[in-house]
Amino acid sequence: MSMNIQYAKTAPERAEVDALSGPTVVEFGTDWCGFCRAAQPLIAQAFQQHGAVKHMKIEDGPGRALGRSFRVKLWPTLVFMLGGKEVARLVRPGDASEIRDALALIDEPLAQ
């Protein structure tokens, strides 16, 4: 699977996210957020070697249940999950290497 480029307006239920198998990154943010837009090239670069990781890009905001269940306070927040359990979290990542490091905790990089 590849990186999603648009935030989903409708979020799944938390139970659905917790039931996911395999490596997953849940990204919370919005299209209009400057920090979110600045992070997109970094996220894309990091995902290049992790094509098997599921990427869920969820629009967040006040009253959005999924973001609140993960206690999201700032955007973008990336939650790295394996088998429905949170393994790592990055808030406003500043470079691709920290995203790659977190991805390596949940997935093996693709051979090049």
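Treat the count of other C-beta atoms within 10 Å as a stand-in for reagent exposure and order ILE99, ILE5 from fewest to most.
On the way: ILE99 24, ILE5 10.
If I rank by nearby Cβ atoms, fewest first, I get ILE5, ILE99.
The spacing between segment 39-112 and segment 4-20, judged by their C-alpha centroids, is 13 Å. Could you name the aspartates and glutamates in cross-link range of LYS73, using Cα to Cα under 14 Å and dropping any fewer than eight places away on the same chain? The qualifying aspartates and glutamates are GLU27, GLU59, ASP60. Residues whose amide H falls under 5 Å from that of VAL87, counting only those 5 or more places apart or on a different chain, are PHE80, MET81, LEU82, with hydrogens built in the peptide plane. Express as a percent, rounded to the nearest 5, the fraction of DSSP beta bridges in segment 14-106 (both residues included) that run antiparallel. Taking every DSSP beta bridge with both residues in segment 14-106, the antiparallel ones total about 65 percent. In summary, the lysines within cross-link reach of LYS9, defined as a Cα separation below 16 angstrom excluding same-chain residues under 8 places away, comprise LYS57. Comparing PHE35, MET3, MET81 along the charge dipole axis of the chain, the residue lying farthest to the positive side is PHE35, per the Cβ-charge model. When the Cα positions of ALA52, VAL72, LEU103 are compared along the charge dipole of segment 14-106, VAL72 comes out farthest toward the positive end, with charges on each C-beta of Lys, Arg, Asp and Glu.
Which entry is the computed Cα Rg over 2.2 N^0.38 Å for this structure: [x] 1.12; [y] 0.97; [z] 1.19? The calculated read-out lines up with [y].
No value in this document is a laboratory result; all are computed from the given coordinates. All values reported here derive from a predicted model rather than from experimental measurement. FYI the Cβ positions are ideal-geometry reconstructions off the backbone, even for glycines, and counts take in every protein chain you see.
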